[in-house]
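Data block below; observations after.
Readers should treat all values here as calculations from the given coordinates under stated rules, not as data from a laboratory. None of the values given here were measured: they were computed from a predicted structure. Reconstructed Cβ throughout: ideal geometry from the backbone, glycine too, with neighbour counts over all protein chains shown.
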Amino acid sequence: MKKRKLQIFVSSTYEDLIDHRLAAMEAILAAGHIPAAMEQFSPGDETAWEKIRSWIDESDGFILILGGRYGSIEPSSGKSYIQLEYEYARDHKKPFFSLVVSKEHHEERVKQFGLKVDERENPAKYVEFKRMVTERLCRFWSDKKDIQSAVLQKLPEWVQRQDLVGWIRADEAPSADVMNELARLSQENRELRSKLSAQSETFDGLTFDEMVRLLCQEPIPTEVEPWLIGAEIRILRPVSDDIQRRFRDSIEAGPRHAGDLFEALHEILAVGAVGVPYQTRSESVLNVLVSRGLANHEAYSDGTQYALSELGRRFRNRMLMAGDREFRQKRLWTVKSKGESDDRTNGPR
């Protein structure tokens, strides 16, 4: 039986928890499910709360990430949007759990980032909301890894629930015409975003195209056979069967350069789940990504653990905008011959 994909609504304040919300969404994707969030609606938009309710209704589960801020206030209720979202999900019997910043880590964040991560406008409302949240199912976090670990542990429990419909709902399947129009609009949106991002974003001083070309020019050591790389890499945290299959297929095909290796591993690196035992030749291969600033590594009990760096996350997000995996393999990671066009920024036409 095909595994259901759940849509999970992620709620948090915006500016102080951008990276933490992204970490949760990456964990949801790594588990093979669909994240949803509503930060694209500006505070004060009179239709925002109606749209938020609709998205929560369509979602199968709800996750709250609470830091030290109460958040933007919804005008008619006087409550923050995150409190309204939390109460709505709870009242409508959505499976939910909350991730609350620990007291010690919040104090560290205030020292590092200042008062912008601490509630100053509505402290009493924040304290009451936090009390409400911590009286129910919650866990405390002190790091983005805590958030990802909690998400990856909780989702398998929700998948087992028979009352969760999953996505795409068979009783609400759109027509072929609607799907074609959505695909067209999605493609158009991807192309526009790619062009805009290509004009403004750099990666360690390099444009996206320049970083892609650099990775394509970084060969995998010829003495390392593809099967050896695949055999020695350990997947340290649960990821979906689809992600594991894509990784194995990529390795069996034989990564030619660092770009191929990044494509093969980015979904697992995003949740810090790549491990290599001590004294293996694969470790030096993965250090190609470390040397380009795309990954970090640290020792664990039996070897070395690898995860995306902040630069690596930004590069990965930009890479995903270029198109699906098949298109990226043809457009980004195929080394161009002399005289052949090397425009890598636009999506598929």
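Numbers below:
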{"quantity": "Label-point separation in nm, residue 249 to residue 110, each point 7 Å along Cα→Cβ", "calculated": "5.0 nm"}
{"quantity": "For segment 202-331, the spread of Cα positions along each principal axis, largest first, Å", "calculated": "37, 30, 27"}
{"quantity": "Segment 202-331 - charge dipole about Cα centre, Lys and Arg +1 at Cβ, Asp and Glu -1, debye rounded to 20", "calculated": "340 debye"}
{"quantity": "Per-bin percent of Cα-Cα distances, segment 7-171 [5 Å]", "calculated": "1, 9, 19, 23, 22, 15, 8, 3, 1, 0, 0"}
{"quantity": "Relative contact order (percent, whole number), segment 7-171, Cα cutoff 8 Å, 6+ residue spacing", "calculated": "28 percent"}
{"quantity": "Lys, Arg +1 and Asp, Glu -1 on Cβ, resulting dipole of segment 7-171 about Cα centre, debye, nearest 20", "calculated": "400 debye"}
{"quantity": "Residues whose placed amide H lies under 5 Å from that of residue 80, excluding near-sequence neighbours", "calculated": "74"}
{"quantity": "Förster radius 41 Å - calculated FRET efficiency between residue 54 and residue 202, Cβ distance, rounded to 0.05", "calculated": "0.65"}
{"quantity": "Peptide ranges 150-162, 69-81 listed from the most packed, as the mean C-beta count within 10 angstrom indicates", "calculated": "69-81, 150-162"}
